[in-house]
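The values are calculated or read from the model by the stated rules, or taken from the named source; none is laboratory data. Quantities reported herein were computed from a predicted structural model and do not represent experimental measurements. A quick note on method: Cβ atoms are made from the backbone with ideal geometry, for glycine too, and the neighbour counts reach across all protein chains shown. Just so you know, the surface numbers come from the protein's heavy atoms only, side chains and all, with ligands and any DNA or RNA stripped out. Shrake-Rupley method; radii C 1.70, N 1.55, O 1.52, S 1.80 Å.
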Amino acid sequence: RVSRGELELPEGLPDDGDHWTELRTSMREMTTRLKNREREVTRKLEQLQAVLSSMVEGVLSIDSSGHVIQANRAAANMLSFERDHLLGRKLLEVIRIPEFRAAIERTQLQRQFSSAEFVTLGTSKRRLAVRVSPIQNPQESGVSIVLQDVTELRMLEMMRRDFVANVSHELKTPLASIMAYSETLRSGAINDPEHNMEFVEQIEKQAGVLNSQIKDLMELARVESGETDFRSDEVPVNRVCERCADLLRELAARAEITLTLDLATRPVMVMGDGNALETVVNNLVTNAINYTPRGGSVRIETAADEQFGIVRVVDTGIGIKPADQARIFERFYRADKARSREKGGTGLGLSIVKHLVQAMDGRIDLESQIGRGSTFSVHLPRRTTSATVAS
């Protein structure tokens, strides 16, 4: 009975005689030890399951025949399977991704660690890194598999590479112009009264572009690193928008763009930093003016709901393609590179806007149609009840 897992002592054992008493005592001690061991094994299994279930990494184990003997929830989610559908099945019959299969087969044959990266199948594609190790157990020659989702990591690495390349290109272009005009002046054009001042003006213009790029880079670096000191005060949104409109009205007039205000009738107050909000609105309006053809219009709107104060910058510009909308807030990303450089843009304005809005616990949304214009909507938290009472 004990061998079948029945750990209670059988009924009817003789209780007379030293021999039976000793046997009964031994069996009682043995069953107690077995119960304790069973409880300990159960406790450890529960702990292991709890650890595996809470892991971000996916963990799989397969036996020598390739059947799945262990799989946590993360692994099942990464591979787009139900956990119960994986257990007991041959993994290589279920997963048909060549890089994944090759890594497992190498470890099975060579009994050595192997790794690979692959992109999952299906609609929501993710990039996974897989590490396969042989199970060091004489009774089991299977392998253990660890999966890690590196989609965001690889995207960040790509953005870093693009950033370095873009910075080099953006700084090199005005520098090349400055060097070319300087060399022309040194070669004798400085004595040409018809053109020498034109060359000097071009040098000043390109130096201004460089200065703007460096200032925007420094501002972006401060915001991203958290070094910028933000004051969390009540900010009157309407007043900020009015100041920005007054500041940029001349720029709009030179571009033959109509700049208008459509402000909420009641004051809109948000919790944030006034200078940061002014930078956000200035950058959005300047961007709208630069990407709106002559004769178009740019409108600054304010509104409020129960949670947020809202600033919208609406233009009748060229619009942004759907493929560009997801990347428009990246550093140096330009939907229309030629037009942006013609207007003197640094490619950093919208990136600064996004980081400033996020630093104030807000969000920014974009709606755009090609040829019909774009709407950027900034949502910032309204003043809290305690702030209202205090005021």
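Using beta carbons and a limit of 9 Å, which pairs, at least six apart or on different chains, have the first residue in region 222-251 and more than 19 Å from Ile352 (Cα to Cα) and at pLDDT below 90 and the second one part of a strand (DSSP E or B) and open to solvent by 60 Å² or more (accessible area, probe 1.4 Å)?
Within 9 Å, no pair qualifies.
Looking at region 275-282, can you tell me whether even one residue there is among the polar types (S, T, N, Q) and open to solvent by less than 40 Å² (accessible area, probe 1.4 Å)?
Yes, region 275-282 contains a residue that is among the polar types (S, T, N, Q) and open to solvent by less than 40 Å² (accessible area, probe 1.4 Å).
Checking the conditions here, which among Glu82, Glu11 is modelled with pLDDT of 75 or more and not aliphatic (A, V, I, L, M)?
Glu82
Pick out the one residue from Gly319, Gly274, Gly309 that is under 21 Å from Asp361 (Cβ atoms) and at pLDDT below 90. Walk me through it before giving the result.
On the way: Gly319 fails: under 21 Å from Asp361 (Cβ atoms); Gly309 fails: at pLDDT below 90.
When all the criteria are applied, what remains is Gly274.
Of Phe81, Phe100, Phe113, which residue is in contact (Cβ under 8 Å) with a residue 12 or more places away in the chain and in contact with a Phe, Trp or Tyr (Cβ under 9 Å, 6 or more places away or on another chain)?
Phe100
Which one of these does Thr265 not meet: (1) within 29 Å of Val311 (Cα to Cα); (2) open to solvent by less than 90 Å² (accessible area, probe 1.4 Å)?
Status for Thr265: all satisfied but (2).
Consider region 102-121. How many of its residues are under 18 Å from Ala71 (Cα atoms) and within 29 Å of the chain's Cα centre (by Cα)?
2
Please verify whether region 128-141 includes one or more residues that are closer than 30 Å to Arg331 by Cβ and touching a residue at least 40 places away in the same chain (Cβ under 8 Å). Break it down stepwise before answering.
Kept after step one, since they are closer than 30 Å to Arg331 by Cβ, are these residues of region 128-141: 128-129.
Filter once more, so that each one left must be touching a residue at least 40 places away in the same chain (Cβ under 8 Å): 128.
For region 128-141, residues closer than 30 Å to Arg331 by Cβ and touching a residue at least 40 places away in the same chain (Cβ under 8 Å): present.
So the check is Cβ under 6 Å with 6+ separation or different chains; which pairs have a first residue in region 166-183 that's among the aromatic types (Phe, Trp, Tyr) and a second one that's at pLDDT 85 or above and open to solvent by 50 Å² or more (accessible area, probe 1.4 Å)?
Pairs found: Tyr181/Gln202.
Where in region 86-194 are there strands (runs of 3 or more DSSP E), lying wholly inside it, with at least 3 residues that are loosely packed, with under 15 Cβ neighbours inside 10 Å?
Once the strands (runs of 3 or more DSSP E) in region 86-194 are filtered for at least 3 residues that are loosely packed, with under 15 Cβ neighbours inside 10 Å, what remains is 114-119.
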